[in-house]
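All remarks here apply to the structure that follows.
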Amino acid sequence: KQEVTQIPAALSVPEGENLVLNCSFTDSAIYNLQWFRQDPGKGLTSLLLIQSSQREQTSGRLNASLDKSSGRSTLYIAASQPGDSATYLCAVKVLTGGGNKLTFGTGTQLKVEL
Amino acid sequence: EPEVTQTPSHQVTQMGQEVILRCVPISNHLYFYWYRQILGQKVEFLVSFYNNEISEKSEIFDDQFSVERPDGSNFTLKIRSTKLEDSAMYFCASSESQDPGYNEQFFGPGTRLTVL
């Protein structure tokens, strides 16, 4: 059974700092990995999707990497801003099942302070 | 930009009552999903739906739950007899691609279900 873990659970940084969020998964047989942002009481916003054949994806100040063999992904946020404050979730789609099921991590709650 | 919409945003019901949560997926998407998130816990997969049938469901999705695409735009989740433990945020999602490697899922804002 796929287990997804995110470290740290919470992070507080000053504005302007570069930061790294970590995601690890137990079963490396995945199709893809998706990073989401969740604001309090709100839905999930898709940030990046990395296919299993890719090593990284970039969108603006965000860069996500994937090391499938070691079961790890990182989300790098450059020059953090207070508006980046949210919970960041990673989710993996496994090869079995056939229904595109995503298995989510525990999330990292990020606070960027002025 | 197209988005997934859900109604209502908040539903309060009495234990044992039936509820229907509604979703309008992105119009050209082919795959539809329901997930839920109990307060303070992980987002959990419930069911996926493709070509008018369930393609995968979790152990949570028992006989109390059903899904339907009653017309060309809506996708619904019905809970037949709600329990206290059904209280959660329910998210609808949709995705476009048939390529399993590239199947980015887009989520709606959620319906908060409170069972009293």
### Query
Of the residues B:S58, B:S87, B:S97, B:S66, which single one is among the hydroxyl-bearing types (S, T, Y) and under 19 Å from A:L49 (Cβ atoms)?
B:S97
### Query
Taking the stretch A:34-59 as the search range and keeping residues that are facing chain B (nearest Cβ under 8 Å) and within 14 Å of the chain's Cα centre (by Cα), which one is farthest from B:M89 (Cα to Cα)?
A:Q51
### Task
Would you check which residues across the stretch B:59-109 are under 14 Å from B:N28 (Cα atoms) and of a type in the set (S, T, N, Q) and list them?
B:S73, B:N74, B:S94, B:S95, B:S97, B:Q98, B:N103, B:Q105
### Considering residues of the stretch B:67-99 that are closer than 24 Å to A:V94 by Cα and surrounded by fewer than 16 Cβ atoms within 10 Å (Cβ to Cβ) only, the residue farthest from the chain's Cα centre (by Cα)
B:D99
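Looking at this structure, is B:H29 within 13 Å of chain A (Cβ to nearest Cβ) and more than 29 Å from A:L95 (Cβ to Cβ)?
On the way: within 13 Å of chain A (Cβ to nearest Cβ): yes; more than 29 Å from A:L95 (Cβ to Cβ): no.
So B:H29 does not fit the description; no.
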### Query
Which residue, of A:K101, A:K111, A:K42, is without any contact (Cβ under 8 Å) to a residue 40 or more places away in the chain, within 20 Å of B:G40 (Cα to Cα) and among the charged types (D, E, K, R)?
A:K42
### Query
Which ones in the stretch A:95-114 are surrounded by 20 or more Cβ atoms within 10 Å (Cβ to Cβ) and among the hydrophobic types (A, V, I, L, M, F, W, C)?
A:L102, A:F104, A:L110, A:V112
### Task
Keeping to the stretch A:72-94, report how many residues are at pLDDT 95 or above and surrounded by fewer than 21 Cβ atoms within 10 Å (Cβ to Cβ).
12
### Task
May I ask you to say which residue of B:G108, B:G72 is farther than 21 Å from B:Q17 by Cβ and within 10 Å of chain A (Cβ to nearest Cβ)?
B:G108
### Task
Name, by its number, the condition in (1) closer than 20 Å to B:P8 by Cα; (2) surrounded by 13 or more Cβ atoms within 10 Å (Cβ to Cβ); (3) more than 8 Å from every other protein chain (Cβ to nearest Cβ) that does not hold for B:I60.
(1)
## Note on the structure
Taking the stretch A:11-33 and keeping only residues that are within 14 Å of chain B (Cβ to nearest Cβ) and of a type in the set (A, V, I, L, M, F, W, C), one is left with A:C23, A:F25, A:A29, A:I30, A:L33
### Residue count for the stretch A:4-27, restricted to those that are in contact with a Lys or Arg (Cβ under 9 Å, 6 or more places away or on another chain) and under 20 Å from A:T103 (Cβ atoms)
7
### Task
Look through the stretch B:23-57, keep the residues that are touching a residue at least 60 places away in the same chain (Cβ under 8 Å) and surrounded by fewer than 16 Cβ atoms within 10 Å (Cβ to Cβ), and return whichever of them is nearest to A:G105 (Cα to Cα).
B:L30
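The values are calculated or read from the model by the stated rules, or taken from the named source; none is laboratory data. Predicted model only: the values in this text are computed from it and were never measured. When we count neighbours, we look across all protein chains shown, and the Cβ atoms used for this are built from the backbone with ideal geometry, even at glycine.
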